[in-house]
Structure formats: structure tokens, C-alpha cells
Amino acid sequence: MTAALTLLWLAGLVLLLGGTFARRTWPGIWPLPVLWAGLALLLAGLALAAGSLLGSFGALDAAGLAAYWLDEPQGCAALAALIGALVLLAGEQAEWPWPWLLLPAALLLGGLAFQGHAALHGWASALPQALHLGAMSVWLGECWPSPLAANQARQTLSA
């Protein structure tokens, strides 16, 4: 189940972060609802992972959730990732210049890097994990709409 939840927030990361930076390369290819879907997947994956963890300890109540999100390092990292995701989406919707999007993207990636085994060894293992997550997301975000962009360019030329 943990792998499925990780896959859920990874898909959300690709849609949100990859889509945000792909929109700068391929204007008009990634509509904003796709980025909102990425945020929803990211939120669902992180919230279900927290619920699964707390449920296995029998602490799935309001106090347990609050303690997890605010006191536990993994919960704080997930909360930081969600804040970064919200600011990134707000910045993209407000059409901020792309350098301004790097800080919320870094917060998002840093929070996600501290999920799982990379958190055990601190920044020495979380930084490469964050760089890998960012590169993967931007690369997939750029690759998925490429055939669409080529097709759109052909339609524009033939019109």
C-alpha cells in the first residue's frame, strides 16, 4: 500500500511541477486544471499515507493527525511540501516570472525528499533525492506534451 501511495504523490508531483515548467516551454499545452489535478493527487497521496501510518498505530483521530503534521519530522516535511505546492500553483496561476517559482518548487521538493528512506540520513541523502525528484518531474512534464505540441504546430502551419 505504501508503494501505491508513493506512486499517487509522484504522479501529482509530475503533473504539478512538471506541468508548471512545461507550460513555460509549450504555452497552451498544459491547462491549469491539469496542475490542479496534480495538487489533488499530491494531497491525496500524502494525506492517505499519514492516515495509513496513524491507523496502523491506532492514533487516527484529530489529536493524532495534528501531532503528526506539526510535531513529527515526516509530517512537518509533508506539510512543507503541501505549502510549496500551493504557492507554486498560485504563482503559476498568477503568471509569476519563472525564477520566482524556484523557491516554492524547492520547498515542495525538499518536503517530498524527506518522505521515506532519504530522511534517515538528513540532507546528505535528501538533497540528491530532491534533485532527482525535480529532474524527473520536469523531464516528464516536458516529454508528455511534446507530441501534442508538434501536432499543434502542424495544425497551425496547415491552417
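The values are calculated or read from the model by the stated rules, or taken from the named source; none is laboratory data. None of the values given here were measured: they were computed from a predicted structure. Cβ placement follows ideal geometry from the backbone for every residue including glycine, while neighbour counts extend to all protein chains displayed.
Quick look at the values:
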quantity	calculated
Positions within the stretch 72-107 being of a type in the set (D, E, K, R) and part of a helix (DSSP H, G or I), in sequence order	Glu92
Flag if Gln115 is touching a helix residue (DSSP H, G or I) at 6+ places or on another chain (Cβ under 7 Å), more than 14 Å from Leu13 (Cβ to Cβ) and not hydrophobic (A, V, I, L, M, F, W, C)	no
Residue within the stretch 4-23 that is of a type outside the set (Gly, Ala, Ser), surrounded by 19 or more Cβ atoms within 10 Å (Cβ to Cβ), assigned to a helix (DSSP H, G or I) and more than 15 Å from the chain's Cα centre (by Cα) present	yes
Where Pro97 falls short, out of the listed (1) over 15 Å from Val14 (Cα atoms); (2) surrounded by 13 or more Cβ atoms within 10 Å (Cβ to Cβ)	(2)
Residue count for the stretch 21-42, restricted to those that are of a type in the set (A, V, I, L, M) and without any contact (Cβ under 8 Å) to a residue 40 or more places away in the chain	4
Subset of the stretch 126-154 that is surrounded by fewer than 18 Cβ atoms within 10 Å (Cβ to Cβ) and at pLDDT 80 or above - its residue that is nearest to Glu72 (Cα to Cα)	Leu127
Residues located in the stretch 43-71, provided they are assigned to a helix (DSSP H, G or I) and of a type in the set (Asp, Glu)	Asp71
